[in-house]
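The values are calculated or read from the model by the stated rules, or taken from the named source; none is laboratory data. Not measured: the values here are computed from a predicted model. With ideal geometry, Cβ positions are generated from the backbone for all residues, glycine too; neighbour counts draw on all protein chains shown.
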Amino acid sequence: METPKEIFLKDYKKPDYYFDAVDLTFSLGEEHTIVSSNITVYPRTEGAAESSPLVLDGVDLKLLSIKIDDKELKEEEDYHLDARNLTISSPPSTARFTLEIVTEIYPQKNTSLEGLYISSGNFVTQCEAEGFRKITYYQDRPDIMAKYTCRVEGNKGLYPVLLSNGNLVEEGDLEGGRHYAVWEDPHKKPCYLFALVAGQLQSRDGDFVTRSGRKVSLRIWTTAEDLPKTVHAMYSLKAAMKWDEDVFGLEYDLDLFNIVAVPDFNMGAMENKSLNIFNSVMVLASPETALDRDYASILGVIGHEYFHNWTGNRVTCRDWFQLSLKEGLTVFRDQEFSSDMGSRSVKRIGDVTILRKYQFPEDAGPMAHPVRPHSYIKMDNFYTSTVYEKGAEVVRMYKTLLGSQGFRRGMDLYFKRHDGQAVTCEDFYAAMRDANDADFANFLQWYSQAGTPTVKVTSFYNSEVKTYSLKFSQEVPPTPGQAMKEPMLIPVAVGLLDSNGKDMPLTSVYHDGMLQAANKDGEPAYTTVLRIKNKEEEFVFSEISEHPVPSLLRGYSAPIRLDSDLTDTDLYFLLAHDSDEFNRWEAGQLLARNLMLSLVADFQQNKPLALNADFVHGFRSILTDGILDKEFIAKAITLPGEGEIMDMMDIADPDAVHAVRSFIRKHLASELKTEFLKTVENNRSSDPYVFDHSNMSRRTLKNISLSYLASLEDPKITELALNEYRTATNMTDQFAALTALVQNPGITRDDVLADFYGKWEHDYLVVDKWFGLQAISDIPGNVENVRKLLMHPAFDLRNPNKVHSLIGGFCASPVNFHAKDGSGYKFLGEIVLQLDKLNPQGASRMVSSFSRWRRYDETRQALAKAQLEMILSTNGLSENVFEIASKSLAG
Ligand code: TRP
Ligand code: ZN
């Protein structure tokens, strides 16, 4: 392997040459494809005395010819070629010139799923981040923005549909059974947004009339067979288009919007200009085959990609370090969209759960990096939950600090200033600041410091002068390459509850020797946002008539770990009364966390486990509450995940945590059996499936109750679950019953799994769920089942969804992946090497499961480390896997 090159943000330089217009022609073939590109180039500083070399990126390409202004260039004399670049030594520096390049590529052999490849017989592209260089020689960087035309030619029988970005301007037949289509995209774009699709596809057509009265054609393309499953995607697209107009005043800017669903795709979806390409799992849904959560993710991801049209495409990134500029902002936008379409607090709880489950561990491990990374070896490795989810939290903090209207003013200014440009995170920050004349103090640190800040709070009530003080201190932990950290502006939303559980009116706060009004308009506030910007800071509320219980960090106003002096009594009180639903849920989670940690200690000391009566009581009152939203109840009765608890231990002990969580679940099920049974009875329905908040909430609550009950291993409950399985009229209910049943090893488990496969073997997306359910199982020695499933005829290592279900699923079971005999680690080590030869992006995602090996005991550490060393010593390793594996070992 060539030594991988690390790229640094601090080395960013403007390009010496810009591209103006790009004309591409693809001649698609069954063995190879010819790509001709015709580019108008102009130097950045026209008329410079000396010309600088023009460096083009290109990987796995066969160069057929290269010309400047019609003149053929000669190798060595005019240009130099190596494995990564084509360098033209002295192109004309005085004026515009045309660069013509012809390359040959081999899509049929491309298993990496980047560049041009084949999925189910159809041609598909994926160019983000740096895949365009696998199509032709180009300056493959987002600050090169050009207008494109694209002519696609291919066999008409094999590829009747030919799509690219923009508007269709011409089409027709050619000799030899071939045909062509010419597409023209009027908007300038970076090459990562280029797309081409060709093949046998059919479309569901719809339209949307924009608020200014333009009619936009909407087409969702799939195989003929899958077409009936695009109803929900079409609904989601229209809802997203309407929402962006209503909430951000943003209208779609072309007359056609295409979505194509493909089965082989490395990520969820891609926002190519007017030709979004989606992983089929993020488009296709029917009541019989998809879960409520699939419907919800489709809504969110269709929204996400659509919203990129403004946040990503019209305004794009200067360089890849700025990725969160588009991704953090667009995730924030899709979260808001889903909130408005469903329940805001339930959505917030779900998003924070995801942040804690994936981003917190990343930020505390060897791959920790800031929202805007300082360096990378392979950009693909930085499409992380830090860039996406923590990035979205950073955007959300602007909104918390500025209010909805101030945030909107900032967005408007951002588009006004930067439409058509490739910009940086500072540009976004400056727009938010300037539109509001805001003081953001040291807020920019959020972009450059890695690590989850810890904020400690202590409180004091002075009954004589009726003041209540909150003292904060903040600490950002050291992370690889960043030993020292600075304080940063943290917005903490706070309310104070009186003894009846009501919010107290907050009038004024002393801070920094000044008395501030709690609200801008002079009215009392019930929630106020405190700005913590120093290492230590105190806020004193005045006119507080009694000792309050504080509700801190309402709505999770900053992505931090909060360490407060709240007692269990306070937490039960907040759980019962807080007007902030997020904090009601949070109080329950804190109680459960405390309980789990103390039981883990008992378990490790071989003490008998016992469940505290207050906890059961609190749990029962939530479960049986007749007023609370049912989906909220379902969230509130879900215990913190095993990963979350392991993260709080000095040495993560997967066996102890698993034993404790299972113990609590089983005991709650047995103490509250009647309540759970009643919940199942009351929430059944034989009405046709509807995806809306009330039906979804009902199903979620019923199904979580069933899952608690099934942990009892009681034959009557097994009968009940089997009956639910057999009589279910939609996949959500059927799969929930199946999941409940397979918790326990035995004949019923085997039978029902076989039955399910028999029913659904013709539907690849349902088969993926079946793989996933078995892979993630906690039943002892599951690695052997997973090894068998690798050989199953329906399994395919080249398909990322299958890999995600089976391999990713397995790594998500702490007991089996971290089995003390090392069998889980050995399995993953083998798979990573096999997968790396096919799909480096996929392999690198899998190898990440090793990254937190230092969190475990010495035996496990040694076993995991040995696998990482084995991987690193392998010849021909991809840069993707090299980066993750080497950083994991070093960190
Ligand atoms: N920009 C895509 C998104 O919406 C991410 C993406 C899709 C991607 N496919 C990819 C990133 C392949 C890297 C490689 O989030
Ligand atoms: Zn995105």
Checklist line | Those residues of segment 234-267 which are within 16 Å of ligand 2 (Cβ to nearest atom) and more than 24 Å from residue 411 (Cβ to Cβ), in sequence order | finding: 259, 265, 266, 267
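Can you name every one of the strands (runs of 3 or more DSSP E) wholly within segment 411-523 that holds 2 or more residues which are of a type outside the set (A, V, I, L, M, F, W, C)?
Working: elements: 454-462, 467-475, 490-497, 508-511, 514-517.
Because the criterion is at least 2 residues that are of a type outside the set (A, V, I, L, M, F, W, C), the strands (runs of 3 or more DSSP E) in segment 411-523 that meet it are 454-462, 467-475, 490-497, 508-511.
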Note to self: Contact list please: Cβ distance under 6 Å, first residue in segment 245-263 and closer than 16 Å to residue 209 by Cα, second residue in a loop (DSSP other than H, G, I, E, B) and of a type in the set (Asp, Glu), pairs at least six apart or on different chains.
What the structure shows: 245/251
Next item on the list: From the list 388, 383, pick out the single residue that is out of contact with any helix residue (DSSP H, G or I) (no Cβ under 7 Å at 6 or more places or on another chain), within 15 Å of ligand 1 (Cβ to nearest atom) and modelled with pLDDT of 95 or more.
Entry: 383
Check: Looking at (1) surrounded by 11 or more Cβ atoms within 10 Å (Cβ to Cβ); (2) over 34 Å from the mean Cα position of the chain (by Cα); (3) not polar (S, T, N, Q), can you tell me which one residue 49 breaks?
Finding: (1)
Margin query: For a quick check of your reading of the model, give me the residue pairs whose first member lies in segment 807-827 and is among the basic types (Lys, Arg), whose second is crowded, with 22+ Cβ neighbours inside 10 Å and not in a loop (DSSP other than H, G, I, E, B), with beta-carbon atoms closer than 8 Å and at least 6 apart or on different chains.
Written below: 820/860; 826/867
Next item on the list: Take residue 843 and decide whether it is more than 28 Å from the chain's Cα centre (by Cα), in a helix (DSSP H, G or I) and modelled with pLDDT of 95 or more.
Entry: no
Margin query: Can you tell me how many residues within segment 127-138 are within 16 Å of ligand 2 (Cβ to nearest atom), touching a Gly at 6+ places or on another chain (Cβ under 7 Å) and either hydrophobic (A, V, I, L, M, F, W, C) or in a strand (DSSP E or B) (or both)?
Written below: 0
Next item on the list: Please specify each residue of segment 15-59 satisfying the condition of being of a type in the set (Asp, Glu) and either closer than 30 Å to residue 121 by Cα or part of a loop (DSSP other than H, G, I, E, B) (or both).
Entry: 16, 23, 30, 31, 46, 50, 57
Note to self: Of all residues being touching a strand residue (DSSP E or B) at 6+ places or on another chain (Cβ under 8 Å) and within 19 Å of residue 42 (Cβ to Cβ) in segment 58-77, which is surrounded by the most Cβ atoms within 10 Å (Cβ to Cβ)? Just the residue, please.
What the structure shows: 66
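Let me confirm something: among 391, 410, which residue is under 24 Å from the mean Cα position of the chain (by Cα) and crowded, with 19+ Cβ neighbours inside 10 Å?
On the way: 410 fails: under 24 Å from the mean Cα position of the chain (by Cα).
Checking each option against the conditions leaves just 391.
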Item checked: Every residue from segment 633-649 that is part of a helix (DSSP H, G or I), within 22 Å of the chain's Cα centre (by Cα) and closer than 15 Å to residue 704 by Cβ -> 635
Note to self: If I filter segment 378-388 down to residues being buried (at least 19 other Cβ atoms within 10 Å of the Cβ) and assigned to a loop (DSSP other than H, G, I, E, B), which single residue comes out as farthest from ligand 2 (Cβ to nearest atom)?
What the structure shows: 378
Note to self: So, restricting to strands (runs of 3 or more DSSP E) that lie completely within segment 190-261, which ones have at least 2 residues that are at pLDDT 95 or above, touching a Phe, Trp or Tyr at 6+ places or on another chain (Cβ under 9 Å) and among the basic types (Lys, Arg)?
What the structure shows: 215-222
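Residues to consider are 557, 499, 551; find the one that is surrounded by fewer than 18 Cβ atoms within 10 Å (Cβ to Cβ) and among the hydroxyl-bearing types (Ser, Thr, Tyr).
Numbers: 557 fails: surrounded by fewer than 18 Cβ atoms within 10 Å (Cβ to Cβ); 551 fails: surrounded by fewer than 18 Cβ atoms within 10 Å (Cβ to Cβ).
Being surrounded by fewer than 18 Cβ atoms within 10 Å (Cβ to Cβ) and among the hydroxyl-bearing types (Ser, Thr, Tyr) holds for just one of 557, 499, 551, which is 499.
Identify, from the list 515, 553, 496, the residue that is in contact with a helix residue (DSSP H, G or I) (Cβ under 8 Å, 6 or more places away or on another chain) and over 20 Å from residue 372 (Cα atoms).
On the way: 515 fails: in contact with a helix residue (DSSP H, G or I) (Cβ under 8 Å, 6 or more places away or on another chain); 496 fails: in contact with a helix residue (DSSP H, G or I) (Cβ under 8 Å, 6 or more places away or on another chain).
Result: 553 is the single residue among 515, 553, 496 that is in contact with a helix residue (DSSP H, G or I) (Cβ under 8 Å, 6 or more places away or on another chain) and over 20 Å from residue 372 (Cα atoms).
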Margin query: Give all pairs with beta carbons closer than 6 Å in which a residue from segment 315-336 that is under 15 Å from residue 447 (Cα atoms) and touching a residue at least 12 places away in the same chain (Cβ under 8 Å) meets a residue that is part of a helix (DSSP H, G or I) and near ligand 2 (Cβ under 9 Å from one of its atoms); count only pairs at least 6 apart in sequence or on separate chains.
Written below: 317/326; 327/388
Notebook entry, point to check: Of the residues 21, 95, 83, which single one is surrounded by fewer than 12 Cβ atoms within 10 Å (Cβ to Cβ) and within 34 Å of the chain's Cα centre (by Cα)?
Noted result: 83
Notebook entry, point to check: Which is without any contact (Cβ under 8 Å) to a residue 12 or more places away in the chain and either within 18 Å of residue 349 (Cβ to Cβ) or of a type in the set (Gly, Ala, Ser) (or both), of 626, 555, 618?
Noted result: 626
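Evaluate segment 880-887: report whether one residue or more is over 24 Å from residue 798 (Cα atoms), β-branched (Val, Ile, Thr) and not in a loop (DSSP other than H, G, I, E, B). Steps first, answer last, please.
Our first condition is that a residue be over 24 Å from residue 798 (Cα atoms); within segment 880-887, this holds for 886-887.
Cutting the leftovers down to β-branched (Val, Ile, Thr) gives us none.
There is no residue in segment 880-887 that is over 24 Å from residue 798 (Cα atoms), β-branched (Val, Ile, Thr) and not in a loop (DSSP other than H, G, I, E, B).
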Notebook entry, point to check: Say we look at segment 433-472 and pick out the residues that are among the aromatic types (Phe, Trp, Tyr) and over 24 Å from the mean Cα position of the chain (by Cα); which of these is farthest from residue 540 (Cα to Cα)?
Noted result: 440
Next item on the list: May I ask you to list the residues in segment 650-661 that are free of Cβ contacts under 8 Å to residues at least 60 places away in the same chain and not in a loop (DSSP other than H, G, I, E, B)?
Entry: 656, 659
Note to self: Go through (1) surrounded by 20 or more Cβ atoms within 10 Å (Cβ to Cβ); (2) within 16 Å of ligand 1 (Cβ to nearest atom) for residue 148 and report which single condition fails.
What the structure shows: (2)
Check: Looking at 334, 363, which one is away from ligand 1 (no atom under 16 Å from the Cβ) and crowded, with 21+ Cβ neighbours inside 10 Å?
Finding: 363
Check: Only one of these conditions is not met by residue 421: (1) under 29 Å from residue 535 (Cβ atoms); (2) over 20 Å from the mean Cα position of the chain (by Cα); (3) among the polar types (S, T, N, Q). Which number is it?
Finding: (1)
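Out of all the residues in segment 452-462, is one or more surrounded by fewer than 19 Cβ atoms within 10 Å (Cβ to Cβ), within 21 Å of residue 845 (Cα to Cα), of a type outside the set (A, V, I, L, M) and more than 16 Å from ligand 2 (Cβ to nearest atom)? Break it down stepwise before answering.
So in segment 452-462, the residues surrounded by fewer than 19 Cβ atoms within 10 Å (Cβ to Cβ) come out as 454, 456, 458-462.
Those left that are additionally within 21 Å of residue 845 (Cα to Cα): none.
Looking through segment 452-462, none of the residues is surrounded by fewer than 19 Cβ atoms within 10 Å (Cβ to Cβ), within 21 Å of residue 845 (Cα to Cα), of a type outside the set (A, V, I, L, M) and more than 16 Å from ligand 2 (Cβ to nearest atom).
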Next item on the list: Would you check if there is a residue in segment 264-276 being within 16 Å of ligand 1 (Cβ to nearest atom), in a strand (DSSP E or B), of a type in the set (S, T, N, Q) and in contact (Cβ under 8 Å) with a residue 24 or more places away in the chain?
Entry: yes
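Working only within segment 791-803, note down all residues that are free of Cβ contacts under 8 Å to residues at least 40 places away in the same chain and surrounded by fewer than 21 Cβ atoms within 10 Å (Cβ to Cβ). Before you say what the answer is, go through the steps one by one.
As a first pass, look at segment 791-803 and keep what is free of Cβ contacts under 8 Å to residues at least 40 places away in the same chain: 791-796, 802.
791, 792, 793, 794, 795, 796, listed by residue number.
Name the helices (runs of 4 or more DSSP H) wholly inside segment 683-749 in which the number of residues that are over 26 Å from residue 763 (Cβ atoms) is 3 or more. Write out each step before concluding.
On the way: elements: 693-710, 715-727, 731-741.
The helices (runs of 4 or more DSSP H) meeting that bar are 693-710, 715-727.
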